[in-house]
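Novice: Here it is, the structure, as structure tokens.
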Ligand SMILES: [Cu+2]
């Protein structure tokens, strides 16, 4: 009898493992929309349609070209279409031969324009922790929406488990104490109970693991998204500041904390920086991360982004900001004495403002031309 029960128990756990493996197989994931080789081509086609749509939407094609550097770069690297190369030359400004160099006054105006885009405005702050905040910051990127619903689901499960275990303990204390139950029974095993309390937790863990891995592979590491970005930004951690590079726009600058005495009216302490990262709204931004010295972590809570900046290693993540405004984050790996003083500030702007900023930033940070821009392809 006992051996039969043990056998059936083993078969049951084998079935659980097999079921889990099947559920996580590429076949099952494909049905849920995870890209396999067959679907990736259509997804890539979708991505390029998306890029084309964005081009068609924007009235100024030049501005649009700036917004889709990823898509454009892919085409120019295949390098066959002269009109596209012309466009990409035009967007890099001074490099194009027929374009007239800007006068000093024009340069000044463009830089002032870019600074106007990044000017602090307390009303525009959306991504920042609040006093007595109990939950996450409002999600402003597709990954974080998924993460929040996963968190909510797991919270329900662990709440039920906690209440159940607490109830069991109270029941045991009341029912089996010395006074109520003076002569205890002497048995030590109960096969049925042992099978139940092993199998049910296995099923619960599988139930949590499947949606969790799904978020991981469909959003965090979805190659179709991360390989077809609208914008690429390289982030380098330093002791103790961040530097940002836009390889396709040829912009590079350092982002240092603003000292308290220089804070603009209403700006938060320890979060404000001199040169924030500027990205367009509703565009896939690919972040490539590394470090020049020790390990840092680049974190933007409202986007659900947290990634290590590790020396000698290139990490990658992405986000798509859904709302214009100012977002704050902080380095979150202890990286030395000024770890608390290397905040991250992202300004999410409209396509028009991003074009304005790009134009001025190129001139403003032109002195940074010692920066080496590596090709990503
Ligand atoms: Cu740090």
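Novice: Please state which of the following conditions residue 349 fails to meet, knowing it meets all the rest: (1) within 14 Å of the ligand (Cβ to nearest atom); (2) at negative phi.
Specialist: Evaluating residue 349 over (1) within 14 Å of the ligand (Cβ to nearest atom); (2) at negative phi leaves (1) as the failure.
Novice: What tally of residues in region 309-344 results from selecting those that are within 12 Å of the ligand (Cβ to nearest atom) and assigned to a strand (DSSP E or B)?
Specialist: Here is the first cut: in region 309-344, the ones within 12 Å of the ligand (Cβ to nearest atom) are 309, 329-344.
This time we only want the ones that are assigned to a strand (DSSP E or B), so: 309, 329, 344.
So the count comes out to 3.
Novice: In addition: Return yes or no: is residue 115 within 26 Å of residue 324 (Cβ to Cβ), surrounded by 10 or more Cβ atoms within 10 Å (Cβ to Cβ) and over 24 Å from the mean Cα position of the chain (by Cα)?
Specialist: Against the criterion (within 26 Å of residue 324 (Cβ to Cβ), surrounded by 10 or more Cβ atoms within 10 Å (Cβ to Cβ) and over 24 Å from the mean Cα position of the chain (by Cα)), residue 115 qualifies.
The rows are residues; the columns are (1) in a helix (DSSP H, G or I); (2) at pLDDT 95 or above; (3) in the same structural domain as residue 319 (by TED's automatic domain parsing).
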| residue | (1), (2), (3) |
| --- | --- |
| 146 | yes, no, no |
| 150 | yes, no, no |
| 160 | yes, yes, no |
| 165 | yes, yes, no |
| 188 | no, no, no |
| 197 | yes, no, no |
| 210 | yes, no, no |
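Novice: Quick one: residue 100 ticks every box in (1) loosely packed, with under 15 Cβ neighbours inside 10 Å; (2) modelled with pLDDT of 80 or more bar one, so which box is it?
Specialist: Exception for residue 100: condition (2).
The values are calculated or read from the model by the stated rules, or taken from the named source; none is laboratory data. Small disclaimer: the values here were computed from a predicted structure and weren't measured. FYI the Cβ positions are ideal-geometry reconstructions off the backbone, even for glycines, and counts take in every protein chain you see.
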